[in-house]
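First up is the structure itself, then whatever we jot down about it.
The values are calculated or read from the model by the stated rules, or taken from the named source; none is laboratory data. The structure displayed is predicted, hence computed values, not measured ones. Here Cβ is always computed from backbone atoms with ideal geometry, including for glycine, and neighbour counts include all displayed protein chains. Calculation scope for accessible area: heavy atoms of the full protein, side chains included, ligands and nucleic acids excluded. Shrake-Rupley method; radii C 1.70, N 1.55, O 1.52, S 1.80 Å.
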Amino acid sequence: MLNESVKSLAQGPNYALVATVMPDGLIQNQVLWVDADDDHVLINTEIGRQRFRNVARDDRMTITILKDGSWWEWAEVRGRVVETVTGPEAREHIDKLALKYTGAPYANPIQTERVILKLQPERELVFPNR
């Protein structure tokens with residue numbers, strides 16, 4: 001079960017810093033939209049993007065979620081991507097995220113195929129500690 005504070009931050013209109021491991025061992029870190037279900041932190045990307053290739057090769061990921069408007073409220077989740085979801089569910093999910101962040105359906109052209117990455121937490125840290 002995901003920590004309730006983490007889940008709340010991930011389901012709110014807050015941005016996440018998502019770190020994955022590149023093929024050469026360096027870390028790739030990007031600001032992305034984020035979501036959560038009861039057990040996982042969710043990232044929606046495309047199968048043609050480097051972050052997807054990174055987790056397909058090395059499933060480790062760290063996500064830091066920052067509360068909108070406050071650098072002093074955040075959560076860090078370290079874990080592994082344990083499941084990917086493609087197809088209509090992933091496409092509907094990116095529209096849900098776009099509505100949350102922009103107020104409109106997802107407008108960017110999809111180059112390959114949408115995919116939801118489900119991060120299973122191995123470590124969760126919430127600040128301030130709640």
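Observations, loosely collected:
- Some residue of the range 41-51 being touching a residue at least 40 places away in the same chain (Cβ under 8 Å), closer than 21 Å to W72 by Cβ and among the β-branched types (V, I, T): yes
- Identity of the residue in the range 14-68, more than 28 Å from G103 (Cα to Cα) and among the small types (G, A, S), that ends up most open to solvent (accessible area, probe 1.4 Å): A56
- Check on R57, modelled with pLDDT of 95 or more and out of contact with any Pro (no Cβ under 9 Å at 6 or more places or on another chain): no
- Single residue of A98, A104 found to be at pLDDT 95 or above, among the hydrophobic types (A, V, I, L, M, F, W, C) and assigned to a loop (DSSP other than H, G, I, E, B): A104
- Qualifying residue in the range 81-100 (condition: among the polar types (S, T, N, Q), open to solvent by 70 Å² or more (accessible area, probe 1.4 Å) and closer than 22 Å to Q28 by Cβ): yes
- Which listed residue, of N29, N44, N14, is polar (S, T, N, Q) and in contact with a His (Cβ under 9 Å, 6 or more places away or on another chain): N44
- In the range 38-87, residue nearest to N108 (Cα to Cα) [restricted to those that are among the charged types (D, E, K, R) and under 12 Å from the mean Cα position of the chain (by Cα)]: R51
- Any chance R114 is open to solvent by 60 Å² or more (accessible area, probe 1.4 Å) and in contact (Cβ under 8 Å) with a residue 12 or more places away in the chain: no
- The one condition from (1) of a type outside the set (K, R); (2) under 16 Å from the mean Cα position of the chain (by Cα); (3) modelled with pLDDT under 95 that A90 does not meet is (3).
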